[in-house]
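The structure appears below as structure tokens.
Rule-based calculations on the coordinates, nothing more; no lab input. What you see is a predicted model, and the numbers here were worked out from it, not measured in a lab. No Cβ is skipped: glycine too gets one built from the backbone with ideal geometry, and neighbour counts run over all protein chains shown.
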Amino acid sequence: MDYLDPYFLITVIIAIFIILYAYWRKKIDLSAVIASGTVGFLVLFSLGDNWSLIYLILVFFGVGNFITKYKYPIKKKYRVAEGVRTFRNVFGNGGAATIFSMLFFITQLPFFLLGLLGAMATACADTFATEIGQAHEKNPRLITTLKRVKVGRSGAVSLYGLIAALIGAAIISAIPLFLGKKWAILFIGTLAGFLGCVVDSFIGATIEREKLDKHMTNFIATTSGGLIAILLGNYLGIFI
């Protein structure tokens with residue numbers, strides 16, 4: 001990898017700017033700044049010549065912060081509006097992606113790049129589902145029983161949220177297309193991200209309140225999304 005490549009240097013500058021801007025706008029606290037920088041460093045240098053896939057994380061960070069503003073007064077009214085993010089949020093959304101990237105660095109097996117894609121597609125799908133679903137659906141249904149529950153209940157789903165999850169997963173999964181990857185990657189990432197989001201809802205509806213917090217739930221879900229992407233890629237014989 002050429003560390004003096006102007007595109008690489010520009011990407012590093014963009015990453016630093018995004019993190020500092022989020023901190024300046026009080027979207028994240030200092031712990032999240034440190035955690036985000038650590039995740040970015042580990043992923044960027046683990047990817048080697050595939051460093052451009054760091055945009056899977058950068059785009060998620062950007063659109064994730066943007067979508068939280070969507071109908072914010074309504075979410076604030078229901079007391080489900082997202083507050084300042086901490087290192088726990090970074091762990092929940094970016095921990096699995098970091099692990100998949102490091103596994104790729106150690107093994108150089110290309111399917112771990114699909115794990116990175118599936119993990120970030122899941123993170124974006126879950127963020128979109130939560131932020132848009134809570135803004136539109138006043139009486140969502142619990143995914144395990146389909147009973148009506150309050151807005152903000154872990155494991156609650158709605159049609160708005162499910163559609164938003166597909167959109168969020170597709171946004172991240174479309175990035176490899178701009179990097180010259182196969183169109184099938186869009187399908188793999190979108191499906192993996194959506195199913196990973198469903199896993200998140202099932203965990204939220206069952207064991208989250210008793211044994212896990214939402215950040216650990218996110219970590220398990222993003223890991224699941226990554227593994228699903230790997231399985232799909234191996235089944236179809238398609239890799240990034």
List, please: which pairs have Cβ atoms under 6 Å, are six or more places apart or on different chains, and start with a residue in segment 53-78 that is under 19 Å from I172 (Cα atoms) and end with one that is outside any helix (DSSP H, G or I)?
L53/L47; N65/K27; T68/E82
If you go through segment 194-203 one residue at a time, do you hit one that is of a type in the set (D, E, K, R) and without any contact (Cβ under 8 Å) to a residue 12 or more places away in the chain?
no
How about segment 211-240: which of its residues are farther than 18 Å from G152 by Cα and hydroxyl-bearing (S, T, Y)?
T222, T223, S224, Y235
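Do we have V39 as touching a Gly at 6+ places or on another chain (Cβ under 8 Å), assigned to a helix (DSSP H, G or I), without any contact (Cβ under 8 Å) to a residue 60 or more places away in the chain and of a type outside the set (F, W, Y) here?
yes
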State which residue is farthest from the chain's Cα centre (by Cα) when the search covers only segment 21-36 and only residues that are surrounded by fewer than 19 Cβ atoms within 10 Å (Cβ to Cβ) and part of a helix (DSSP H, G or I).
W24
Taking L186, is it outside any loop (DSSP other than H, G, I, E, B) and farther than 19 Å from F219 by Cα?
yes
Every pair of residues 6+ apart whose Cβ atoms lie under 9 Å, when the first sits in segment 99-111 and is more than 12 Å from L42 (Cα to Cα) while the second is of a type in the set (S, T, Y) and in a helix (DSSP H, G or I):
I106/S46
Can you confirm whether segment 52-75 contains a residue that is surrounded by fewer than 18 Cβ atoms within 10 Å (Cβ to Cβ), assigned to a helix (DSSP H, G or I) and at positive phi?
no
Assess whether I163 counts as being touching a residue at least 40 places away in the same chain (Cβ under 8 Å), among the aliphatic types (A, V, I, L, M) and either part of a loop (DSSP other than H, G, I, E, B) or within 14 Å of T122 (Cα to Cα) (or both).
no
Inspect all residues belonging to segment 89-97 and state whether any of them is polar (S, T, N, Q) and either in a helix (DSSP H, G or I) or under 23 Å from A35 (Cα atoms) (or both).
yes
For segment 169-190, state whether one or more residues are polar (S, T, N, Q), within 15 Å of the chain's Cα centre (by Cα) and more than 21 Å from L212 (Cβ to Cβ).
yes
Segment 98-139, residues that are closer than 19 Å to S154 by Cα, in contact with a Phe, Trp or Tyr (Cβ under 9 Å, 6 or more places away or on another chain) and not in a helix (DSSP H, G or I)
E137, K138
Residue count, segment 148-173, condition among the hydrophobic types (A, V, I, L, M, F, W, C), more than 30 Å from I54 (Cα to Cα) and surrounded by fewer than 20 Cβ atoms within 10 Å (Cβ to Cβ), comes to 2
